[in-house]
Amino acid sequence: MKGSILIADDEPGIRESLTIVLEDEGYSCKAVKDGAEAIEAIDKGSYDIVVSDLKMPNANGLDVLEYVLQHSSDTLTIIITAHATIETAIQALRKGAADYILKPLDFDEVLIRIESLLEHKKLVQENKYLREQIDQEYNFNHIIGESPAMKKVYKMVSRVSQATSNVLITGASGTGKELVARAIHFNSDRSKNPFLAINCGAIPENLVESELFGHKKGAFTGANADKDGVFVAASGGTVFLDEVAEIPLNLQVNLLRVLQEREVKPVGSNQTMTFDTRIISATNKDLEEEVEKGNFRDDLYYRLNVVELSLPSLEERREDIPLLAHHFLKRYSKELKRNLKGITSEAMSAMMAYQWKGQVRELENVIERAVLLSDNEYLSVEDLPSAIRNATGAENYDMDSHKLEEAVQVFEKHHIQSILKRTDGNKSEAARLLGIDPSTLYRKMERLGLSE
């Protein structure tokens, strides 16, 4: 079925003809003789489109339109009208009608209009769905991690989301810098406007200026049309400059001017274009060191680094590994249509012992591969790469339970015990290493049943 359509017209000939034509094209149709019956039908059923005559007894087309807008906002309305009442049809458009069609009806035109509206409706629904998915995906409350280091990140994301200051996100590759940048954008008042990410290290050097600032047609070989740079294209939203340290030194002065003046001059143009775009940049390099080496302008560094948000390595948030591992297990079990219930204690111990040089991204890739290859209900150590299987140094964590809360508590207990051993029982020093207050450590020890 291509779509469901309600036809409301007091002329039997139009009702019957429209029904025949539309049903022949694969639409599901219901026809009623006046506005009152149309309103009743809308109450009882769901329709993609209502095709309503403007002048009908009991309730006219504008009454039907108003009812649709109030009670079935996803339904589109087409008004049928005669030339004599075209001004009223325009009034209907202003009130929210999707389209109007003049009598006498051209059925080919009706089909084209309906098909076009349904295609538009489909795109709107897809965009709405994608927006909801993106909002959920990048809401910082859904970023995985309960460690003290990640809680600091959440607090910082929450704070900077409400501002417009430039933000510099630092951290090793694989720590989730773009994810955090998107979280800042989607929790800000710019969330309904574009978020454009550009990897400065992946663009050929001769095209960086064009990508950032735009170009005019004919500005260089291959410039076959005018093109807006990312700052203008994302106006009202956010630009994320990933690997910002890779921007060529000769272009850094241009970028500095753009950030200061909030206007760009496209390549090949004498005219400047203004924009209102927030700038978030990221790097896995030490920019202060790059400044000292002469690879990065100090004035640009200070302009980008109004607020610095440093992401912890997985080594600094090792207690989040069980959370992350179970999260990725659940995600890829669903995506790959596998039925894994959890992770064995041996597999978790191996992952806890392994040094994740590729950070969270490496952990995610390992879990995805293991889910794909595993033939068991629980992901086992045999499902992991040999480098992880052979990792040593971690205690054995009894994490066979697929309940995430229990797995986290088991790790937390062992981790606190390990830190206390390292500090010879000095709880103040242990609390400092754990990044928590001593009083918090005492409460955790009591809750987890750890003896003095």
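The values are calculated or read from the model by the stated rules, or taken from the named source; none is laboratory data. The structure presented is a predicted model; accordingly, all values stated were derived computationally and were not measured. All Cβ positions, even for glycine, are placed from backbone atoms using ideal geometry, and neighbour counts span all protein chains on display.
When segment 127-151 is limited to residues that are more than 25 Å from ASN199 (Cα to Cα) and in contact with a Pro (Cβ under 8 Å, 6 or more places away or on another chain), the one that is modelled with the highest pLDDT turns out to be ALA149.
Looking only at segment 184-198, how many residues end up being at pLDDT below 90 and buried (at least 21 other Cβ atoms within 10 Å of the Cβ)? Residues flagged as at pLDDT below 90 and buried (at least 21 other Cβ atoms within 10 Å of the Cβ) within segment 184-198 amount to 1.
Among the residues making up segment 289-328, a single one is more than 17 Å from LYS151 (Cβ to Cβ), in a helix (DSSP H, G or I) and β-branched (Val, Ile, Thr): VAL291.
Please determine, by comparing only the residues of segment 261-288 that are charged (D, E, K, R), touching a Ser or Thr at 6+ places or on another chain (Cβ under 7 Å) and assigned to a loop (DSSP other than H, G, I, E, B), which one is farthest from THR221 (Cα to Cα). If we take residues in segment 261-288 being charged (D, E, K, R), touching a Ser or Thr at 6+ places or on another chain (Cβ under 7 Å) and assigned to a loop (DSSP other than H, G, I, E, B), then ASP276 is farthest from THR221 (Cα to Cα).
The set of residues in segment 342-372 being in contact with an Asp or Glu (Cβ under 6 Å, 6 or more places away or on another chain) and not hydroxyl-bearing (Ser, Thr, Tyr) consists of TRP356, ALA370.
Residues that are farther than 11 Å from GLY268 by Cα and modelled with pLDDT of 85 or more were ranked within segment 210-224; the one that is surrounded by the most Cβ atoms within 10 Å (Cβ to Cβ) is LEU212.
ILE49 - would you say it is surrounded by fewer than 14 Cβ atoms within 10 Å (Cβ to Cβ), among the β-branched types (Val, Ile, Thr) and within 38 Å of the chain's Cα centre (by Cα)?
No, not satisfied.
Can you find even one residue in segment 82-94 that is within 34 Å of the chain's Cα centre (by Cα), surrounded by fewer than 16 Cβ atoms within 10 Å (Cβ to Cβ) and in the same structural domain as GLU119 (by TED's automatic domain parsing)? Scanning segment 82-94, I find at least one residue that is within 34 Å of the chain's Cα centre (by Cα), surrounded by fewer than 16 Cβ atoms within 10 Å (Cβ to Cβ) and in the same structural domain as GLU119 (by TED's automatic domain parsing), so the answer is yes. Of all residues in segment 184-194, none are without any contact (Cβ under 8 Å) to a residue 40 or more places away in the chain and among the aromatic types (Phe, Trp, Tyr). Residues that are buried (at least 20 other Cβ atoms within 10 Å of the Cβ) and more than 23 Å from PHE328 (Cβ to Cβ) within segment 161-183 comprise VAL167, LEU168, listed in sequence order. Taken over segment 415-429, the criterion of being in a helix (DSSP H, G or I) and either over 16 Å from ALA149 (Cβ atoms) or within 36 Å of the chain's Cα centre (by Cα) (or both) is satisfied by HIS415, ILE416, GLN417, SER418, LEU420, LYS421, ARG422, LYS427, SER428, GLU429.
Among residues belonging to segment 249-273 that are surrounded by 15 or more Cβ atoms within 10 Å (Cβ to Cβ) and under 20 Å from ASP286 (Cα atoms), point out the one that is modelled with the lowest pLDDT. Filtering first and then ranking leaves LEU251.
Considering LYS155, LYS103, the condition of being modelled with pLDDT of 85 or more, loosely packed, with under 13 Cβ neighbours inside 10 Å and over 19 Å from the mean Cα position of the chain (by Cα) is satisfied by LYS155 alone. Just so you know, in segment 225-234 the residues that are surrounded by 16 or more Cβ atoms within 10 Å (Cβ to Cβ) and modelled with pLDDT under 90 include one that is farthest from LYS177 (Cα to Cα), and it is LYS227.
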